[in-house]
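The values are calculated or read from the model by the stated rules, or taken from the named source; none is laboratory data. If you're wondering where the values come from, they're calculated on a predicted model, not measured in any experiment. Don't worry about glycine lacking a Cβ; one is built from the backbone with ideal geometry, like all the others, and counts go over all protein chains shown. What goes into the accessible areas is simple: the full protein's heavy atoms, side chains included, and nothing from ligands, DNA or RNA. Shrake-Rupley method; radii C 1.70, N 1.55, O 1.52, S 1.80 Å.
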Amino acid sequence: MDITALLIVLAKALAVVAVLMGFCSYAVLAERKVASWIQGRIGPNRTSLPVISAIPLIGPFLTRLGIFQPVADGLKFLFKEDPVPGHVHKTYYFLGPILALVPALVTVTVVPFGRYIDAEGVVSPLMLANIDVGILFLFAVSSLGVYGIILGGWSANSKYPFLGGIRASAQLISYELTMGLSILPIFLWVNAPGTEGTMSLFRVVEMQSGAWFVLWQPLSAFIFLIALFAETNRLPFDMPESETDLVGGYHTEYGGFKFGLYFVAEYGHMIIGSGVVTLLFLGGWNPLPWVTLADVAGWFGADFHIGITGAVLSVLIFLGKLCALVFLFIWVRWTVPRFRYDQVMRIGWKVMLPLSIANLIFYAVLIAYLDTR
Amino acid sequence: MAKVLERKPLTLAERTYLPQILSGLKTTFRHLIKKKVTLQYPEERPPISDNYRGIPTLVKDPEGREKCVSCQLCEFVCPPKAIRITPGEIAEDAPTAHVEKAPQEFEIDMLRCIYCNLCQEVCPEEAIFLQDIYSFSGYSREEMVFKKEKLYEIGGTLPDRHFKWEKKRLAAEHGNVH
Ligand code: SF4
Ligand code: SF4
């Protein structure tokens, strides 16, 4: 590979990571805003930037919306004193946040976020690495994120982080299985006999130009969503963190920038997770069930579904669905209380796992029938 | 008689948690779009009732005469001893010389004051009033000891119609000093 190609790949990767980071910080803002609204408050509405906030109408509006708040938050994390407690295991203590964030950033490489149709009508995905084992890679890497949590909890060398780390690993093991089983029916369907076998997410989205998978495999979608809540450590499954009984869980001993990394990693996982749900079940960049962008363009008698406009539109549709899911995550967080630890385990092993196996068997039989008919 | 509450076993729907979570989501969504209750404090102030007890201040009567006669009752009654008065005489040639006394210095230590309203109640001259100011600050303890000028500045003029001392003066001029 020559140097320009390498640079292009690098630039693309940086752009995607930058967008993901931007999304993370604004997800934090959304979290704070939605939390306030649900609690009858207004939320961050004071932070202002010197020039932009001075623009009449728009400036104050953006300030009231808290648009500049992530900047302040980020700067705070950067410049805060970052003490290292004396009793921690230094190497792993520093490794923890990095290990938590890196998987979140790596998984984004296999997530297609749009598609591009060139003049010949060849459809190609917009993604960093169109590898054939997409979803396997994604699952493998994203579950590595828990190592950051376990390491953080263990190296902090105090009881609450330790408990948090243990809980994180137990929870991951309990729900990873369910999660994997719940999406098997989809790949059974996508890899119908006679087609080229693939695990790529792009193919899954292309299969959903008709019915979205959520419509005829609602149970899979539901199980996957719940497992995702558990995997991303979001309420009602935020066992590793649970402020009320574990102080702060695995990041109790972290402060400043290292805590910021954990924070961003958590939201990164949430955003990637929402993206995967969108791709697997909600039709990716298809605007409506049974309606593709090409159909919409057909209604208007135009051809904006191809070329750059088409690519941008597909990305926007994808991001719109992703944001709606992120909102769901936040909404649920501020609605339900946390499960007890034993409840989490019981739901995981006694309910979700049998349910996902039953779901798999049912759809396996159904798909076998449909495919061989 | 003790009443035994029967605990019904949870139904299947309840045991999945889902109906409850959904109704919870509905509730929170209602709150999401409801009007917010936050008061944007420094810009918006809460409404304050008329009998609110804020900082105690001295007042003047509509003619601009300081009403306090430095009887020191308030100093005496003040539970935390926040008031310190240095009594003074009114000059012989002043138009209000018959009032005889006025405070030379009048200090209220706002850090000690407990806003109990006793000084206002005890004052025979209606010279000291608790205002509706509840938020003030200073950089030092000394600054929080309000001097006479400051107390009058905040207190201002009381629009009353007694003119007790003016009536006394007129009465004395007509020769009936009760
Ligand atoms: S309000 Fe009470 S504490 Fe304050 S000065 Fe008056 S008597 Fe003293
Ligand atoms: S304020 Fe009232 S009670 Fe206090 S010294 Fe003056 S006249 Fe007397």
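Put simply, the Cα atoms of region A:219-373 extend 59, 45, 24 Å along their principal axes, the longest span coming first. Of the GluC sites (Glu not before Pro) found in region A:174-275, those that fall in a DSSP loop while having at most 11 other beta-carbon atoms within 10 Å are A:GLU196.
Between A:SER124 and A:PHE327, the modelled labels are 3.4 nm apart [label points 7 Å from Cα along Cα→Cβ]. Distance from the Cα centroid of region A:118-162 to that of region B:65-103 is 79 Å (rounded to whole angstrom). Sorting B:ARG15, A:ARG46, B:ARG169, B:ARG65 on solvent-accessible area from highest to lowest, probe radius 1.4 Å, gives B:ARG15, A:ARG46, B:ARG169, B:ARG65. The residues packed around A:PRO70, meaning those with a beta-carbon under 12 Å from its beta-carbon, carry a net charge of +1 if Lys and Arg are +1 and Asp and Glu are -1.
For region B:15-122, give the percent of accessible area contributed by carbon and sulfur heavy atoms, probe 1.4 Å, rounded to a whole number. Walk me through the intermediate numbers first.
Working: 3820 of 6800 Å².
It is 56 percent, rounded to a whole number.
A 1.4 Å probe run over the protein assembly as shown, with the rest of the protein chains in place, finds 54 Å² accessible per residue.
For the pair A:ALA15 and B:ARG7, a Förster radius of 60 Å applied to the C-beta separation gives a FRET efficiency near 0.55, rounded to the nearest 0.05. In this label model, B:LYS164 and A:LEU78 are separated by 6.7 nm, measuring between points 7 Å along each Cα→Cβ vector. In a simple Cβ point-charge model (Lys, Arg +1; Asp, Glu -1; nothing else charged), the protein assembly as shown has a dipole of about 1440 debye relative to its Cα centre.
Distance between the 7 Å Cα→Cβ label points at A:ARG373 and B:SER137: 7.3 nm.
Counting, for every residue in A:40-50, the Cβ atoms of other protein chains within 10 Å of its Cβ and taking the mean gives 2. Computed with a 1.4 Å probe on the full set of protein chains, the accessible area for A:LYS80 sits at about 100 Å². For A:PHE339, A:PHE23, the ranking by accessible surface with the largest value first comes to A:PHE23, A:PHE339, using a 1.4 Å probe. Dimensions of the protein assembly as shown from C-alpha coordinates, computed as largest minus smallest value along each principal axis and given longest first, are 125, 70, 52 Å. Mean per-residue shielding of peptide A:79-85 is 0, counting Cβ atoms of other chains within 10 Å of each Cβ. Rolled with a 1.4 Å probe across the full set of protein chains, the surface gives B:LEU12 an accessible area near 130 Å². Treating r as the C-beta distance of A:LYS159 and B:ARG15 and R0 as 30 Å, the FRET efficiency rounds to 0.35. Rounded to the nearest 100, the interface formed by chains A and B buries 1500 square angstrom of accessible surface, both chains summed, with a 1.4 Å probe. Over chain A, dividing the summed -39,500 (n - 2.57) contributions of all DSSP H runs of at least 4 residues by the number of residues returns a 222 nm mean residue ellipticity of -21500 deg cm²/dmol.
Accessible surface ranking for B:SER137, A:SER53, 1.4 angstrom probe, highest first: B:SER137, A:SER53.
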